[in-house]
Ligand code: UD1
């Protein structure tokens, strides 16, 4: 059975491609490499010993996508492709709305044309915006996003849900990721941000490897135990396993279902820095900097629904997250 993954040369998609191949699925990938490298897919093939047909195309290109659907005949689609830099989305909102919405609309139209009824989407905890109280459950209020990137996730959830409502044979699973970190334990695939990283873990590893001088800790006066921001970091290998479970669910159900994928535990910026130092023996110099606009004090998940319905829960520790991120970064100091 073939599963078509969009954007799977990227961070979460590549780890999911490995997990799906190991679970016995055939994986086909479409990516435009606008923010990723085909080398990631070659390494996924080497890790699993399975071929992963790779198509270079823009998911918004319906003619190209129709050919890919005809060739691969996927039983389901997992949609990772999309622009994801929060700050850039504030500066270039139309780029984000145009790309993230166009690709998804074309993809859903191609799925309808091809009779493919199973759609799994990379959503984000960012859809909860600033309104809900932690821990977020899937019933917590959404909307009130603080940036266009978040709004595209929110809008795509509405669009996919509407498609499933109109077609009773359709299955849509919306996965709201918390903060993915870590890398495959082999150190062969991992997160490869272009330019200076926006997110905390890649920033820490680039300081540790000597590419950046020090970490800026954005605020130490939040209402949290040590004053720094608290997030729900989840190992990307656990997250990938969640996709395999979500796929099994999508293949045997119809309608729309939403799942939080996190650990349920909050970890502060300084706790993560100290865990990284303990796991790797490498010092991470830091300075306290002003708060970053748009940041919340504390964000973590209630993941009981994924456990109850999918039989999934995160297994890896913060130490695993740090050790695996570091193995990837130190083995590949310049990425792919
Ligand atoms: C961010 C996005 C979120 C997106 C996610 C992808 C915002 C408001 N949210 O989440 O929409 O889905 O990335 O992973 O941008 N920090 C530092 N120094 C740094 C970087 C981060 O102190 O150099 C702190 C932040 O203030 C925050 C924590 O580390 O408290 C995590 O930040 P980050 O990794 O950027 O993730 P989020 O902001 O939670």
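To keep it simple, each residue is scored yes or no on (1) surrounded by fewer than 17 Cβ atoms within 10 Å (Cβ to Cβ); (2) more than 16 Å from the ligand (Cβ to nearest atom).
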{"position": "66", "(1), (2)": "yes, yes"}
{"position": "69", "(1), (2)": "no, yes"}
{"position": "79", "(1), (2)": "no, no"}
{"position": "92", "(1), (2)": "yes, no"}
{"position": "100", "(1), (2)": "no, no"}
{"position": "122", "(1), (2)": "no, no"}
{"position": "126", "(1), (2)": "no, no"}
{"position": "139", "(1), (2)": "yes, yes"}
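Tell me yes or no: at least one residue of the stretch 27-39 is crowded, with 24+ Cβ neighbours inside 10 Å and part of a helix (DSSP H, G or I). Scanning the stretch 27-39, I find no residue that is crowded, with 24+ Cβ neighbours inside 10 Å and part of a helix (DSSP H, G or I), so the answer is no. Taking the criterion of being in contact with a helix residue (DSSP H, G or I) (Cβ under 6 Å, 6 or more places away or on another chain) and either free of Cβ contacts under 8 Å to residues at least 40 places away in the same chain or in a loop (DSSP other than H, G, I, E, B) (or both), the residues of the stretch 1-21 that qualify are 7, 8, 9, 17, 21.
The condition of being at pLDDT 95 or above, in a helix (DSSP H, G or I) and surrounded by 19 or more Cβ atoms within 10 Å (Cβ to Cβ) holds for residue 201.
Annotation: of all residues in the stretch 122-167 being part of a loop (DSSP other than H, G, I, E, B) and free of Cβ contacts under 8 Å to residues at least 12 places away in the same chain, the one that is nearest to residue 254 (Cα to Cα) is 139.
For residue 273, the test of being within 14 Å of the ligand (Cβ to nearest atom) and touching a residue at least 12 places away in the same chain (Cβ under 8 Å) is passed.
The rows are residues; the columns are (1) within 16 Å of the ligand (Cβ to nearest atom); (2) touching a residue at least 24 places away in the same chain (Cβ under 8 Å); (3) buried (at least 18 other Cβ atoms within 10 Å of the Cβ); (4) assigned to a loop (DSSP other than H, G, I, E, B).
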site: 258; (1), (2), (3), (4): yes, yes, yes, no
site: 263; (1), (2), (3), (4): yes, yes, yes, yes
site: 277; (1), (2), (3), (4): yes, no, no, no
site: 295; (1), (2), (3), (4): yes, yes, no, yes
site: 305; (1), (2), (3), (4): no, yes, no, no
site: 321; (1), (2), (3), (4): yes, yes, yes, no
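Can we say residue 195 is buried (at least 23 other Cβ atoms within 10 Å of the Cβ) and within 14 Å of the ligand (Cβ to nearest atom)? Taking the combined requirement at face value, the residue does not satisfy it. Within the stretch 216-230, at least one residue is surrounded by 18 or more Cβ atoms within 10 Å (Cβ to Cβ), in contact (Cβ under 8 Å) with a residue 12 or more places away in the chain, within 21 Å of the chain's Cα centre (by Cα) and within 15 Å of the ligand (Cβ to nearest atom).
Hey, among the residues in the stretch 146-170 that are more than 20 Å from residue 234 (Cβ to Cβ) and crowded, with 23+ Cβ neighbours inside 10 Å, which one's farthest from the ligand (Cβ to nearest atom)?
160
Quick one: would you say residue 107 is assigned to a strand (DSSP E or B) and buried (at least 24 other Cβ atoms within 10 Å of the Cβ)? No. Kindly evaluate residue 288 against the criterion of being modelled with pLDDT of 95 or more, surrounded by 23 or more Cβ atoms within 10 Å (Cβ to Cβ) and within 11 Å of the ligand (Cβ to nearest atom). Criteria not met by residue 288.
The values are calculated or read from the model by the stated rules, or taken from the named source; none is laboratory data. Owing to the predicted nature of the structure, the values given are computational and were not obtained by experimental measurement. Methodologically, a virtual Cβ is constructed for each residue, glycine included, from the backbone with ideal geometry; neighbour enumeration extends over all protein chains shown.
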